[in-house]
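Colleague: The structure follows.
The values are calculated or read from the model by the stated rules, or taken from the named source; none is laboratory data. Keep in mind that this is a model prediction, so the values were computed, not measured. We place every Cβ from the backbone using ideal geometry, glycine too, and count neighbours over all the protein chains shown.
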Amino acid sequence: MQLDVYGTLRIALLGGGIALLTLACGSDYVEAPAQAPGREPAVNSTPDIDATVLAEVAATLDALAADGTNEFVEGVGVEQDLMSTKDHLPEGQSVVYSTSPPTSGDHWNPLSGLPRCGFYEEGLPNELTTHNLEHGNIVVSYNLPLESDVQALRSAINGVGLADVWGIARFYPDIEPGTVALAAWGVLDTMLGVDRDRISRFFEAYSGALGPETIPC
């Protein structure tokens, strides 16, 4: 992304773009309704967004504009080899990824739009969430059989302000039961159970910081 685009995004975030971010996520982490994967959730009707979150997003974009680098943070997740990314694929075409869950690769660009920030109990296709990763979003994939663990994960994510505009959480059966996996573009961190501090560190390190494009979800 060019620096002038960062500037435009920053102006939108701090100025008249509050409505834009409200459409994206509202003032709290959006509870995505149960629906068919690949369709946009309903817009959260909350009229504004917390000023602290706006400041955090603006600071993230300022830092990216200043150094223009995407960097892996030692000790926060495991760096993965990037898959080649060519063209956007037709919606419905499957991709074989090098990791589970994916951290890079080809993906869809559906006419219905990308998933917004939120918690998707019905799951989302890899080919959708990988596009979110390309935008610098964090994708939290979970396979937690106990409802108490699901609620603990919700609470942990709700406690991370950056998740309001950078985070997607989804049920994901293709990892071991009891597991939570945090993915950024080219980085993966897998844990047993819900580790609030580890989740927070991952968001702080990689929200908007990795990926060819930087676009809040």
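Colleague: I'd like to know if the range 186-193 contains one or more residues that are surrounded by 15 or more Cβ atoms within 10 Å (Cβ to Cβ) and within 12 Å of the chain's Cα centre (by Cα).
Modeller: No, because not a single residue in the range 186-193 is surrounded by 15 or more Cβ atoms within 10 Å (Cβ to Cβ) and within 12 Å of the chain's Cα centre (by Cα).
Colleague: Something else now. How many of the residues in the range 76-92 are in a loop (DSSP other than H, G, I, E, B), at pLDDT 85 or above and either of a type in the set (D, E, K, R) or over 18 Å from the mean Cα position of the chain (by Cα) (or both)?
Modeller: 2
Colleague: Among 121, 213, 127, which is the only one that is farther than 13 Å from residue 77 by Cα and either more than 14 Å from the chain's Cα centre (by Cα) or at pLDDT 95 or above (or both)?
Modeller: 121
Colleague: Of all residues in the range 99-145, count the ones that are of a type in the set (S, T, N, Q) and in contact with an Asp or Glu (Cβ under 7 Å, 6 or more places away or on another chain).
Modeller: The total comes to 3.
Colleague: Does residue 95 qualify as being farther than 25 Å from residue 194 by Cα and either part of a helix (DSSP H, G or I) or at pLDDT below 95 (or both)?
Modeller: yes
Colleague: Looking at 186, 105, 167, which one is touching a Cys at 6+ places or on another chain (Cβ under 7 Å), closer than 22 Å to residue 80 by Cα and among the small types (Gly, Ala, Ser)?
Modeller: Going through 186, 105, 167 in turn, just one is touching a Cys at 6+ places or on another chain (Cβ under 7 Å), closer than 22 Å to residue 80 by Cα and among the small types (Gly, Ala, Ser): 167.
Colleague: In addition: When you go through (1) buried (at least 21 other Cβ atoms within 10 Å of the Cβ); (2) closer than 16 Å to residue 100 by Cα one by one for residue 202, which number turns out not to apply?
Modeller: (2)
Colleague: Right, next: Checking residue 114 against (1) assigned to a helix (DSSP H, G or I); (2) of a type outside the set (Ser, Thr, Tyr); (3) out of contact with any Ser or Thr (no Cβ under 7 Å at 6 or more places or on another chain), which single condition isn't satisfied?
Modeller: Only one criterion is unmet by residue 114, namely (1).
Colleague: Then there's this: Can you find a residue that is touching a strand residue (DSSP E or B) at 6+ places or on another chain (Cβ under 7 Å), in a loop (DSSP other than H, G, I, E, B) and at pLDDT 95 or above anywhere in the range 147-159?
Modeller: So far as the range 147-159 goes, no, none of its residues is touching a strand residue (DSSP E or B) at 6+ places or on another chain (Cβ under 7 Å), in a loop (DSSP other than H, G, I, E, B) and at pLDDT 95 or above.
Colleague: Still on this structure, I have one more. Quick check on my filter: what residues within the range 139-179 are surrounded by 23 or more Cβ atoms within 10 Å (Cβ to Cβ), of a type in the set (Val, Ile, Thr) and closer than 21 Å to residue 127 by Cβ?
Modeller: Scanning the range 139-179 gives 139, 140, 168.
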